[in-house]
Amino acid sequence: MNSTDPRAVVIRYVEAVRDGDADVIHDSFAEDATWHYPGDLPISKVWRGRDAIINDFLGGMGPILVPGTLEVELVSTIAEGDRVVAEWTSRAKTVHGGAYDNRCIGIYTVRDGKITSVIEYADTQHVAATLFSDFDTRHPAGAE
């Protein structure tokens, strides 16, 4: 697989998240990429732009997780044309003392070797309970 093959791009990205490789994570996204995260959480919205995705969305999880405890495992990928469906598990210890353990699906669109769009599906109730336990999902402030 070459470096612009959509499946290879997504696998390289997920492995970079697993390995904490910030340069590869940055280089995986197009500058104007979008990431749609579901639900009624503080992070639930369409994140627009590589910097917002990396710094605010992905980076925003850092303070909630105990450093060095994140384990990401790529379960499977299905690719067709410029779209790749990736399934992965994420596990970590949280600063609240809980255990985050989620199974996620992302539909990635890749063009010219860069991720241009991600639509993620995850168990947002588990995310709320483990990562945002002080957030009231019944009355989200500023939800879009």
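See the values below:
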| quantity | calculated |
| --- | --- |
| Residue identified as open to solvent by 40 Å² or more (accessible area, probe 1.4 Å) and either β-branched (V, I, T) or out of contact with any Asp or Glu (no Cβ under 8 Å at 6 or more places or on another chain) (or both) among A99, A52 | A99 |
| Identity of the residue in the stretch 56-70, loosely packed, with under 12 Cβ neighbours inside 10 Å and not in a loop (DSSP other than H, G, I, E, B), that ends up nearest to the chain's Cα centre (by Cα) | G62 |
| Among the candidates V9, V84, V17, residue that is of a type in the set (A, V, I, L, M), open to solvent by less than 70 Å² (accessible area, probe 1.4 Å), part of a helix (DSSP H, G or I) and closer than 13 Å to K114 by Cα | V9 |
| All positions within the stretch 59-73 that are over 19 Å from R12 (Cα atoms) and without any contact (Cβ under 8 Å) to a residue 12 or more places away in the chain | G62, P67, G68 |
| Qualifying residue in the stretch 74-91 (condition: on the phi > 0 side of the Ramachandran plot and at pLDDT 95 or above) | yes |
| Selection from the stretch 105-144 of residues that are among the aromatic types (F, W, Y) and either closer than 30 Å to R7 by Cβ or at pLDDT 95 or above (or both) | Y108, Y121 |
| Complete set of residues in the stretch 1-58 that are more than 23 Å from E73 (Cβ to Cβ), in contact (Cβ under 8 Å) with a residue 40 or more places away in the chain and of a type in the set (D, E) | D32, D40 |
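The values are calculated or read from the model by the stated rules, or taken from the named source; none is laboratory data. Remember, it's a predicted structure, so these values are computed and weren't measured experimentally. Cβ coordinates were reconstructed from backbone atoms using ideal geometry, including for glycine residues, and neighbour counts include every protein chain displayed. Accessible surface is based on the protein model in full, side chains and every heavy atom, while ligands, DNA and RNA are left aside. Shrake-Rupley method; radii C 1.70, N 1.55, O 1.52, S 1.80 Å.
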